[in-house]
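Only the coordinates and a few stated rules stand behind these numbers; no lab work does. Quantities reported herein were computed from a predicted structural model and do not represent experimental measurements. Because the Cβ atoms are built from the backbone with ideal geometry, glycine has one as well, and the counts that use them run over all protein chains shown.
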């Protein structure tokens with residue numbers, strides 16, 4: 001049976017906030033366009049580039065930094081390695097001198113206020129997140145390429161199906177939860193072991209281990225930065241960063257200068273229910289405040305939901321003795337497989353499915369991963385994922401001012417707590433008696449997404465976005 005092969009490094013991508021679909025996706029699309037130009041015409045022959053943003057990319061692009069992302073992508077900057085502190089200065093310089101170094105090779109005239117167009121009232125039929133790049137080539141030739149950012153940093157070019165099957169023959173092909181459970185029951189392997197066997201089709205086991213631990217290193221440093229950085233978030237809403245003050249209060253002024261010292265300080269505190277609850281919230285707040293501040297984060301599976309999985313994994317490490325490399329790898333491999341099933345059966349794009357597709361999916365991923373780490377069976381892991389999503393169904397995406405701040409940051413705390421609760425419920429349950437399966441809840445999520453009004457799909461046209469009116473021009 002044909003299947004879409006999705007790697008753990010497709011689900012977890014290192015990049016810069018605040019949005020995987022509105023920042024990382026357009027950034028990668030710009031990179032692809034530069035590569036296309038260089039391959040077919042060479043960059044030396046390019047005279048001008050114009051960017052057209054459609055649909056959700058236009059309506060909330062300013063707040064999500066889409067204009068920033070395409071400029072950096074066209075300039076040849078890599079979101080994985082570019083110094084986050086240089087982003088603002090780079091974009092300011094492009095505006096000041098009205099010149100862009102295309103692909104890091106050729107300077108072209110570029111005025112962001114002219115060459116980036118936000119087409120608020122136009123939407124392309126394939127997907128709400130569309131961007132078209134236009135280029136003028138020496139000799140009066142005109143070139144146009146359209147790309148769609150379909151969520152989680154995934155990008156497809158026009159006329160390429162979002163569900164196009166990857167030609168990779170995995171030993172354990174999985175399209176849905178039933179497929180995954182079939183392989184687990186047939187082989188006796190855990191979900192993480194199934195994933196590890198499939199990953200061998202891309203690289204050696206040692207390389208996967210190293211890459212997954214690098215994902216966690218990025219996540220944990222993001223938590224630490226968020227917990228140790230005070231101030232206000234950019235964008236005009238004057239949102240005060242809360243993780244710093246909460247962390248300081250929880251640790252009673254303990255002294256630390258590194259992540260390891262900070263973790264020790266947490267473990268030295270009395271682990272009351274209230275303390276643990278506050279810590280989980282603090283972890284999630286920290287990540288998404290960094291995300292909103294154009295910091296380096298990991299799509300998990302998106303930037304808007306980037307705080308849920310790190311928060312739950314940090315909880316597992318700090319309070320459940322889940323701090324070995326093997327346990328961390330098991331957690332992230334399990335989470336990635338659950339996320340890939342949601343991507344195949346529904347969506348991980350808020351522009352397609354509302355926030356249930358982001359916070360809901362991340363909560364389901366974290367719930368399954370935590371359940372595996374706490375000794376749950378494969379069936380209990382999938383049950384935990386189902387419970388977490390079931391109680392996010394219908395969650396809308398209505399960012400105030402088009403910014404990934406309100407209600408997005410707090411929603412990550414809710415998703416993390418729901419994941420832990422879902423895991424505990426699954427661990428105390430017998431999945432054989434459950435009436436709702438993970439595949440059924442994924443179908444229900446997709447049905448709900450299709451029924452949901454577009455104004456609740458990352459457009460800032462409904463919900464809190466209009467009841468707390470903030471002009472996009474102010475942000």
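Is the shape of region 8-157 best called rounded, prolate or oblate, per the rule: a/c under 1.5 gives rounded, else a/b larger than b/c gives prolate, else oblate, with a ≥ b ≥ c the square roots of the Cα gyration tensor eigenvalues?
Details: a/c = 1.38, a/b = 1.20, b/c = 1.16.
It is rounded, given that a/c, with a ≥ b ≥ c, falls under 1.5.
Could you tell me the calculated FRET efficiency between residue 278 and residue 433, based on Cβ-Cβ distance and R0 = 30 angstrom, to the nearest 0.05? Before the final figure, lay out each step's value.
Values: r = 34 Å, r/R0 = 1.15.
It comes out at approximately 0.30.
Mind ranking 223-232, 260-269 by how tightly packed they are, going by the mean number of other C-beta atoms within 10 angstrom, highest first? Display every interim value, and only then the final one.
Values: 223-232: 18.8, 260-269: 15.3.
Going by the mean number of other Cβ atoms within 10 Å, highest first, we get 223-232, 260-269.
Rounded to the nearest 0.05, what FRET efficiency is calculated for residue 97 and residue 203 with R0 set to 45 Å and r the Cβ-Cβ distance? Intermediate values should be presented prior to the final figure.
Details: r = 42 Å, r/R0 = 0.93.
Computed FRET efficiency for residue 97 and residue 203 comes out at 0.60.
Can you give me the angle between helix 25-40 and the longest principal axis of the chain, using Cα atoms only, in degrees from 0 to 90, rounded to the nearest 10?
50
Rounded to two decimals, what is the ratio between the C-alpha radius of gyration of the chain and 2.2 N^0.38 Å?
On the way: Rg = 21.7 Å, N = 475, 2.2 N^0.38 = 22.9 Å.
That works out to 0.95 for the chain.
Looking at the square roots a ≥ b ≥ c of the eigenvalues of the Cα gyration tensor of region 401-459, which shape do they give, rounded for a/c under 1.5, prolate if a/b is larger than b/c, or oblate? List each step's numbers first, then the result.
Details: a/c = 5.65, a/b = 1.47, b/c = 3.83.
Note, shape of region 401-459 comes out oblate.
Counting only C-alpha contacts under 8 Å and six or more residues apart, can you give the relative contact order of region 300-449 as a whole percent?
Reported as a whole number, the value is 31 percent.
Among DSSP beta bridges lying fully in the chain, give the percent that are antiparallel, nearest 5.
Details: 29 of 34 bridges.
If I count the DSSP bridges inside the chain, around 85 percent turn out antiparallel.
May I ask for the distance between the Cα centers of region 320-394 and region 23-88, given as a whole number of Å?
So the two Cα centres are separated by 31 Å.
I need to check one value: relative contact order of the chain, counting alpha carbon pairs closer than 8 Å and at least 6 residues apart, in percent.
Relative contact order here is 19 percent.
Taking the Cα atoms only, what angle lies between the long axis of helix 325-345 and the longest principal axis of the chain, rounded to 10 degrees?
60
So how do 293-299, 135-141, 325-331 stack up, highest first, on mean other-Cβ count within 10 Å?
Working: 293-299: 24.7, 135-141: 13.0, 325-331: 19.0.
So the order, starting with the most tightly packed, is 293-299, 325-331, 135-141.
Per DSSP helix of 4 or more residues, -39500 (n - 2.57); summed, then divided by the residues of the chain. What does that give at 222 nm, rounded to the nearest 500? Before the final figure, lay out the partial values.
Details: 21 runs with 236 residues, N = 475.
Helix contribution divided over all residues of the chain: -15000 deg cm²/dmol.
In percent, what relative contact order does region 1-135 have, based on Cα pairs under 8 Å that are 6 or more apart in sequence?
Working: 198 pairs, mean separation 49.3, N = 135.
Once divided by the residue count of region 1-135, the mean separation gives 37 percent.
Compute the acute angle (0 to 90°) between the alpha-carbon long axis of helix 273-292 and the principal axis of greatest extent of the alpha-carbon atoms of the chain; round to the nearest 10°.
10
What translational D, rounded to a whole number of µm²/s, comes out for region 107-166 from Stokes-Einstein when the hydrodynamic radius is the Kirkwood one over Cα pairs, at 10 °C and 1.306 mPa s?
Details: Rh = 13.6 Å.
This corresponds to a translational diffusion coefficient of 117 µm²/s.
Decide, for region 241-384, between rounded, prolate and oblate: order the square roots of the alpha carbon gyration tensor eigenvalues as a ≥ b ≥ c, take rounded if a/c falls under 1.5, and otherwise choose prolate if a/b is larger than b/c, else oblate. Working shown, then result.
Numbers: a/c = 2.22, a/b = 1.38, b/c = 1.61.
Taking the square roots of the gyration eigenvalues as a ≥ b ≥ c, region 241-384 is oblate.
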